[in-house]
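Undergrad: Questions regarding the structure given below will be posed in turn.
The values are calculated or read from the model by the stated rules, or taken from the named source; none is laboratory data. Predicted model, so just to flag it, every value in this text is computed and none were measured. All Cβ positions, glycine included, derive from the backbone under ideal geometry; neighbour counts span all protein chains shown.
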Amino acid sequence: MKFDTVLAERKHKVIYRDGDLCAKVFDESFPKSDILNEALNQARVEETGLNIPKIEEVTKIDGKWAIISDYIEGKTLQELMDENPDKLDEYLNLFVDIQKDILSKKCPLLKRLKDKMQDKISQTDLDATTRYELHTRLASMKKHSKVCHGDFNPSNVIITPEGVPYILDWSHATQGNGAADAARTYLLFCLKGDKELAEKYLKLFCEKTDTARQYVNAWMPIVAASQSVKGNPEEREFLLNWANVFDYQ
Ligand SMILES: Nc1ncnc2c1ncn2[C@@H]1O[C@H](COP(=O)(O)OP(=O)(O)OP(=O)(O)O)[C@@H](O)[C@H]1O
Ligand SMILES: [Mg+2]
């Protein structure tokens with residue numbers, strides 16, 4: 001294989017294309033267990049029947065771990081939104097429909113969202129009183145087992161030239177409450193500095209899934225705290241501010 005076309009470059013990984021294949025190559029600094037976990041999540045989600053790139057191989061290229069999957073021809077929803085601002089509403093509609101489709105699936109072997117978030121809250125820089133409040137609130141949330149993407153944003157969806165959507169990037173996938181996944185997407189839009197789009201997205205999500213906005217809001221501090229653990233310093237500050245807000249309506 002000769003992966004010489006770079007599709008995307010990230011802090012600790014590079015994504016290449018070689019013909020029908022796509023290789024996500026991780027730096028040596030990347031924990032092996034995280035890479036294998038991402039591949040395992042992807043393999044498990046494949047079994048739900050969702051449209052995702054299939055894993056072909058997990059291997060080492062020049063001493064670096066790599067996940068090889070099918071290359072998906074097309075543009076990400078993010079690219080399409082940037083190129084056609086007049087079609088934003090149409091794309092946002094599609095984006096929420098895809099998230100609804102993900103949330104309609106079950107995948108009993110995925111890690112539980114509540115367990116993952118309890119661990120993350122313990123790892124935050126928040127004081128013990130706030131952590132206690134967040135742990136208690138999380139424990140009181142209803143038990144759900146929907147497939148949650150965990151990083152659902154428009155750059156993780158590719159639309160093929162025929163208009164078929166594929167969902168990428170399953171490293172954060174869990175099973176749990178759909179409102180938590182919506183809270184995460186909302187915060188991702190906010191972190192990108194687009195509060196207006198975040199609001200528009202959440203309104204549409206609540207309408208299409210018949211979810212109360214207050215219910216998503218109740219998740220917001222929990223999700224923000226969990227997300228703060230690996231964020232860069234500016235993101236961390238923004239998220240920790242959210243994590244401290246308990247009366248947000
Ligand atoms: N199977 C694939 N086929 C085509 N393009 C892909 C594929 N996988 C990844 N890409 C391209 O590479 C980009 C990054 O891939 P991916 O989202 O899997 O990595 P990531 O490091 O988790 O990125 P991010 O942190 O931005 O979410 C995608 O937005 C897409 O443009
Ligand atoms: Mg991605």
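Undergrad: Count, please, the residues in region 35-47 that happen to be in contact (Cβ under 8 Å) with a residue 60 or more places away in the chain, crowded, with 17+ Cβ neighbours inside 10 Å and not charged (D, E, K, R).
TA: Going through region 35-47 one residue at a time, the tally reaches 3.
Undergrad: Something else about it: Please state which of the following conditions ALA23 fails to meet, knowing it meets all the rest: (1) surrounded by 13 or more Cβ atoms within 10 Å (Cβ to Cβ); (2) in a loop (DSSP other than H, G, I, E, B).
TA: Every condition holds for ALA23 apart from (2).
Undergrad: Still on this model: What do you reckon, is LEU187 more than 16 Å from ligand 2 (Cβ to nearest atom) and either in contact with a strand residue (DSSP E or B) (Cβ under 9 Å, 6 or more places away or on another chain) or more than 23 Å from ALA39 (Cβ to Cβ) (or both)?
TA: Against the criterion (more than 16 Å from ligand 2 (Cβ to nearest atom) and either in contact with a strand residue (DSSP E or B) (Cβ under 9 Å, 6 or more places away or on another chain) or more than 23 Å from ALA39 (Cβ to Cβ) (or both)), LEU187 does not qualify.
Undergrad: Take the conditions hydrophobic (A, V, I, L, M, F, W, C), within 15 Å of ligand 1 (Cβ to nearest atom) and free of Cβ contacts under 8 Å to residues at least 40 places away in the same chain and apply them to LEU188. Does it pass?
TA: Criteria met by LEU188.
Undergrad: Out of the residues in region 1-20 that are surrounded by 14 or more Cβ atoms within 10 Å (Cβ to Cβ) and closer than 14 Å to SER69 by Cβ, state the one that is modelled with the lowest pLDDT.
TA: So, considering only residues that are surrounded by 14 or more Cβ atoms within 10 Å (Cβ to Cβ) and closer than 14 Å to SER69 by Cβ, the one modelled with the lowest pLDDT is PHE3.
Undergrad: Pick from ALA128, ALA183: which is at negative phi and touching a helix residue (DSSP H, G or I) at 6+ places or on another chain (Cβ under 9 Å)?
TA: ALA183
Undergrad: Taking the condition within 18 Å of TYR215 (Cβ to Cβ), touching a Gly at 6+ places or on another chain (Cβ under 6 Å) and not acidic (Asp, Glu), does LEU113 pass?
TA: The answer is yes for LEU113.
Undergrad: If the Cβ limit is 9 Å and pairs must be 6+ apart or interchain, which residue in region 139-160 that is free of Cβ contacts under 8 Å to residues at least 60 places away in the same chain pairs with which residue that is assigned to a helix (DSSP H, G or I) and within 11 Å of ligand 1 (Cβ to nearest atom)?
TA: HIS149/ASN156; ASP151/LEU188; PHE152/LEU188
Undergrad: Something else about it: So is LYS120 touching a His at 6+ places or on another chain (Cβ under 9 Å), more than 16 Å from ligand 2 (Cβ to nearest atom) and modelled with pLDDT of 95 or more or not?
TA: no
Undergrad: For residues that are of a type in the set (S, T, N, Q) and more than 17 Å from PRO53 (Cβ to Cβ), scanning just region 1-36, find the one that is farthest from the chain's Cα centre (by Cα).
TA: The extreme case among them is SER29.
Undergrad: Here is a follow-up. In this structure, is ALA66 within 16 Å of ligand 1 (Cβ to nearest atom), farther than 25 Å from ASN217 by Cα and buried (at least 20 other Cβ atoms within 10 Å of the Cβ)?
TA: yes
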